[in-house]
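Remarks on the structure that follows.
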Amino acid sequence: MLLIQQLLNGVMLGSVYVTVAVAFTLTIGVLNFLNFTIPTLFMLAGMIGWALAYWGLPFELSGPLPWPLALLFGILASIVASLIVERFTFRYLKTKYGDSTEHAIPLVSSLGFLLVLENLVRIGYGTDAQRFPGPSADLTMNLGGIFIRIPQLVSLFLVILIVVGLTWLLKQSRIGRGLRAIAENPDAANILGVDTRRVVPIVFMLTGLLCGLAGALFAVNYGEVSPQMGEDIGTKAIAGMVVGGLGSIWGAVLGGLIVGLIEMMTIHFFGADTVQVAVWGLLLLTLFVRPQGLFGHNSIGKGKL
């Protein structure tokens, strides 16, 4: 029974990794760009949601906000921050240097945004973990000795709906066709009439939305936020993305769930100290045995989304 409980906990934890892994997959699949600010966008939603729920709006414009409204503001903050990153790590550098995706400059500048934003949050709110004032009721179901928290269950279904909706957007909508055209060949996409200046920000907007939702769900489900919360989640989401296959949305889903299960099973059998060894050992094994991942393509790069 305990093993089944741990398997369930692994799936629930993996759903958080899934959302962040899909965000990484979007930027790599469309722009061939590893966006290092993604863990910070995840953290911003949780920390700003906590600050607004605990203190209220700045300049004493309000008292503490209800936690759902506070998290909504946190998600919006993640989207705005992601668009700022797009403006200064991608659009500006593309104007100045040409096709910025062919340079390491956007990658390094996104790492700079990660460090700046994370340290601004540390300066503003300290480095200690904070308890998020989420649902006060005991929202737990007992099914034959298996305990399921309703917020985690809702989060899992919400993640599935998000991924299904994103898949439809990429495959069926005009915006999705534009994104896939840019992924295949940005110059050819421009010739065919795709306005990259309008379409590319959509990738960053979706990235901010996915990370913001993941950060909000994490805060509600685990009741704790901190300026460092994105670091561990981000690295394990990258591991899930690689295991599932670079450029594959559903590969990111499977990889995120596998990493969540591996983490909980490792804790169950060997203790928490061995989690990093197990997760990164799985990643290295995948790279040695099947570098393209479970659902990835033989050629990693643009046009594989």
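Once phi is turned into θ = phi - 60°, what whole-Hz ³J(HN,Hα) does the Karplus curve with 6.51, -1.76 and 1.60 give for every residue of the range 204-219, x standing for Gly and Pro?
So the Karplus estimates, Gly and Pro as x, are 6, 5, 5, 4, x, 5, 4, 5, x, 4, 4, x, 5, 5, 4, 4 Hz.
Using R₀ = 35 Å, calculate the FRET efficiency as 1/(1 + (r/R₀)^6) where r is the Cβ-Cβ separation of residue 140 and residue 284; round to 0.05.
Values: r = 37 Å, r/R0 = 1.06.
After rounding to 0.05, the efficiency reads 0.40.
What label, among (1) 28, 25, 21; (2) 31, 25, 17; (3) 31, 28, 14, belongs to semi-axes √(5λ) of the Cα gyration tensor in Å computed from the structure on display?
Matching the structure shown: (2).
For the chain, with all protein chains present and a 1.4 Å probe, just round the carbon and sulfur fraction of the accessible area to a whole percent.
Numbers: 9870 of 14440 Å².
The computed percentage sits at 68.
Find the accessible area per residue for the chain; the probe is 1.4 Å, ligands and nucleic acids are left out, and the unit is Å². Intermediate values should be presented prior to the final figure.
Details: 14440 Å² over 305 residues.
I get 47 Å² per residue for the chain.
At 222 nm, what helix-only mean residue ellipticity would the chain give, in deg cm²/dmol to the nearest 500, using -39500 (n - 2.57) for each DSSP H run of four or more?
On the way: 12 runs with 213 residues, N = 305.
Computed mean residue ellipticity for the chain: -23500 deg cm²/dmol.
What Rg and what Dmax come out for the range 28-77 when only alpha-carbon atoms are used, in angstroms?
Radius of gyration, then largest Cα-Cα span, for the range 28-77: 13.9, 43 Å.
Pull up all non-local amide H partners of residue 146: gap of 5 or more, or a different chain, and H-to-H distance under 5 Å with H placed in the peptide plane.
Sorted by chain and number, the residues that satisfy this come to none at all.
Just to check I understand the Karplus step: with θ = phi - 60° and J = 6.51 cos²θ - 1.76 cosθ + 1.60, what whole-Hz values come out for the range 17-22, glycine and proline as x?
4, 4, 4, 6, 4, 5
The values are calculated or read from the model by the stated rules, or taken from the named source; none is laboratory data. Everything quoted here is computed from the prediction, not taken from an experiment. Here the Cβ is made from the backbone with ideal geometry for all residues, glycine too, and neighbour counts use every protein chain on show. Just so you know, the surface numbers come from the protein's heavy atoms only, side chains and all, with ligands and any DNA or RNA stripped out. Shrake-Rupley method; radii C 1.70, N 1.55, O 1.52, S 1.80 Å.
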